[in-house]
Amino acid sequence: MDGEPDRPATHGRLRRVDRSFGALAGGLAHDFNNVLSTISGYAQLARAEIEPGSRAHEHLAEVARACDRGAEMTTRLMAFSRSDEGEPRQLDLNRFVEHAGRMLRHVLGPGNTLVTELEPDLPLVSVDPNQVRRLLVNLAVNARDAMPSGGVLTITTRYHRLRGAVEITVGDTGTGMDDDVRGRIFEPFFTTKPDGTGSGLGLATVHGIVTGSGGRIAVDSAPGRGTTFSIALPAAAAA
């Protein structure tokens, strides 16, 4: 598939980047979270000594809100740093996708439709269910943002017997990406969203989860024809 980042050399480099960025992000996020807690605490103390409704009181409220946004970012960074960890167990992907359907429809919001096409009798895969949930949510959020006027998100599963792998594809009917963007989407902190609206960690986390589970991920996209992520995970017997 065009644009596959899972050729052996590139795949290995991305996995090493996932781990090195993950370690760096985790350490920085932990330290920065301590700094934010101190700033937020003193801002709250200062507000308590200032007359409500004054300009200074409102300025300190903005400081507190900025700290909350920063704390949310550190939470995402720490989640990214743990993307190659987890407790794998044998999982029925079909059943998992069916159970996750309600949550994913909520993530997609009104105006978007979720369609599932699940091949029956799939082998089990050895993965951490919580990581699979994060993976699907991140891809659903990515699809939602790519379909501002509404669209369809399709999740399919199938078994590749020769490869001994279970494939799950997540495709949307959104705006799509050009080659330059497609080649960078798994880079940590890379985003095409306006400043302040995207951390650039969603798809990097997805890549880390897949490779940390022994799988591979590829993306097919073009402007105007949507985006499809194809994820291959080893069947439990072959894991």
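The values are calculated or read from the model by the stated rules, or taken from the named source; none is laboratory data. Keep in mind the model is a prediction, meaning the values are calculated, not measured. Glycine gets a Cβ as well: all are built from the backbone with ideal geometry, and neighbour counts include every protein chain shown. Keep in mind that these areas ignore ligands, DNA and RNA; they rest on the heavy atoms of the full protein, side chains included. Shrake-Rupley method; radii C 1.70, N 1.55, O 1.52, S 1.80 Å.
What the table below lists for this structure:
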read-out	value
Per residue accessible area of region 121-210, 1.4 Å probe, in Å²	45 Å²
Difference of contour (0.36 nm per residue) and Cα-Cα distance, residue 181 to residue 37	48.3 nm
For peptides 163-176, 202-215, 93-106, 48-61, sequence by mean Cβ density within 10 Å, most packed first	202-215, 163-176, 93-106, 48-61
